[in-house]
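Reading through the structure tokens given below for one structure.
Just so it is clear, none of the values below were taken in a lab; they were calculated from the coordinates. Note that the structure is a prediction, hence the values are computed from the model and not measured. So basically every Cβ, Gly included, is an ideal-geometry build from the backbone, and we count neighbours across all protein chains shown.
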Amino acid sequence: MEYLDMVNQIITAEHSAKALAEEGRQKQEQMESGVEREVAQLREDYMQRARHRLELVEETEQAGAEEEIVKLDEVQQRAMKAVEAVYEKNRDAWVDKLFAMIVGVEP
């Protein structure tokens, strides 16, 4: 083999090595870009699921709060009816007692 052929083979091998290195670099960049897109998509999917779960929790809490308000309203209505019943039962006696206390007369 001649010296010139060897030099040409070395140059060809170097060009091939550079081409392979460039191809490897490009593939690495593509992979990194793909990984970044995948990570961004995973992050977005996770956030979407988290927002959905948050909406479900808010709906559940709202429904629970509304049920509690209804229960408290019922308790308040029963208490008001009880107060009104006691008032109706004792109204005349209370009026007489207050009148007697104001004018200083024993009932």
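Computed values, structure above
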{"quantity": "Karplus-derived 3J(HN,Hα), 6.51/-1.76/1.60, for each residue of region 75-85, Hz, glycine and proline x", "calculated": "4, 4, 5, 5, 5, 5, 5, 5, 5, 5, 5"}
{"quantity": "Cross-link partners of Lys27 among lysines (Cα-Cα below 27 Å; sequence separation of 8 or more within a chain)", "calculated": "Lys18"}
{"quantity": "CD proxy at 222 nm, helix term only [per DSSP H run n ≥ 4: -39500 (n - 2.57); per residue of the chain; nearest 500]", "calculated": "-36500 deg cm²/dmol"}
{"quantity": "Separation of the Leu56 and Asn8 label points, Cα + 7 Å toward Cβ, nm", "calculated": "7.1 nm"}
{"quantity": "Lysines with Cα under 16 Å of Lys89, excluding same-chain neighbours fewer than 8 positions away", "calculated": "Lys81, Lys97"}
{"quantity": "The chain: Cα Rg divided by the 2.2 N^0.38 Å rule of thumb", "calculated": "3.41"}
